[in-house]
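Take a look at the structure below.
The values are calculated or read from the model by the stated rules, or taken from the named source; none is laboratory data. What you see is a predicted model, and the numbers here were worked out from it, not measured in a lab. FYI the Cβ positions are ideal-geometry reconstructions off the backbone, even for glycines, and counts take in every protein chain you see. These area figures cover heavy atoms from the full protein model, side chains too; ligands, DNA and RNA do not enter into them. Shrake-Rupley method; radii C 1.70, N 1.55, O 1.52, S 1.80 Å.
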Amino acid sequence: MKSLPYFCRGEVVKGFGRGSKELGIRTANFPDRVVEHLPADIPTGIYYGWACVGHGEVHKMVMSIGWNPFYKNEKKSMETHIIHTFKEDFYGEVLSIVIVGYIRPEKSFNSIDELIAAIHSDIEEATSRLESDDHRKLKDDSFFTPLDRTIMNGH
Ligand code: ADP
Ligand code: RBF
Ligand code: MG
């Protein structure tokens, strides 16, 4: 995929409202505008990368791009699960991400438990792949560093 790594950001909007309730895995949803901007050579599927809320720390993430075939959504979505425990929700804040690599296509499953198990294995896969030197470098990309902080540090 020529467009990877792919950097993007947008405010966190309300999604379908079932992430935490049914799966126990919360996903921050991007607005339609961000979804529509995705380059054509990034197909639907499950990806991993780095994510940062507002000017906060950069964390590992996994994300789903597509129509969630298990739920037969009619709208394409980009949903990021940040591999970190937050104290509070962050709806309305700006989420910055870099999509680094592809894990698998989206699938439908026979049960919700199989979907949950698949997502947990995606999280493990992402956690270990992001340890590579090439991927670690992207965590420190200036995309995640606000300009004012760069100036304060005297760079
Ligand atoms: P929605 O359907 O509105 O997206 P979710 O159940 O998927 O609802 O929850 C997503 C919200 O949970 C995010 O918008 C964010 O405010 C919050 N949240 C808390 N922790 C996380 C996390 N680790 N990753 C993603 N979102 C999180
Ligand atoms: N939905 C699917 O229908 N099929 C999938 O294979 C699938 N994989 C996912 C993998 C990850 C890492 C994440 C974060 C979500 C995935 N989802 C998948 C989306 C899931 O159905 C969605 O986050 C919830 O329905 C909440 O909107
Ligand atoms: Mg969500």
Inset, instruction - Of all residues in segment 31-52, count the ones that are out of contact with any helix residue (DSSP H, G or I) (no Cβ under 6 Å at 6 or more places or on another chain), over 14 Å from VAL98 (Cβ atoms) and not hydroxyl-bearing (Ser, Thr, Tyr). - result: 10
Inset, instruction - State whether one or more residues within segment 85-100 are closer than 15 Å to THR127 by Cα and open to solvent by 30 Å² or more (accessible area, probe 1.4 Å). - result: yes
Inset, instruction - Give the residues of segment 112-127 that are over 19 Å from THR85 (Cβ atoms) and either assigned to a strand (DSSP E or B) or away from ligand 3 (no atom under 16 Å from the Cβ) (or both), sorted by residue number. - result: ASP113, GLU114, ALA117, ALA118, SER121, GLU125
Legend entry - segment 76-111, residues that are touching a residue at least 40 places away in the same chain (Cβ under 8 Å) and in a loop (DSSP other than H, G, I, E, B): LYS76, ILE83, PHE90, TYR91, GLY92, GLU93, PRO105, GLU106
Legend entry - Test result for GLU74, open to solvent by 40 Å² or more (accessible area, probe 1.4 Å) and under 15 Å from ILE25 (Cβ atoms): no
Inset, instruction - Mind counting the residues in segment 20-46 that are modelled with pLDDT under 95, within 12 Å of ligand 2 (Cβ to nearest atom) and of a type outside the set (A, V, I, L, M)? - result: 4
Legend entry - Matching option when the condition is under 13 Å from ILE25 (Cβ atoms) and open to solvent by less than 30 Å² (accessible area, probe 1.4 Å), among LEU130, LEU115: LEU115
Inset, instruction - Out of the residues in segment 1-42 that are free of Cβ contacts under 8 Å to residues at least 12 places away in the same chain and part of a loop (DSSP other than H, G, I, E, B), state the one that is least open to solvent (accessible area, probe 1.4 Å). - result: GLY17
Inset, instruction - Could you identify the single residue in ILE65, ILE116, ILE112 that is in contact with a strand residue (DSSP E or B) (Cβ under 6 Å, 6 or more places away or on another chain) and within 14 Å of ligand 2 (Cβ to nearest atom)? - result: ILE65
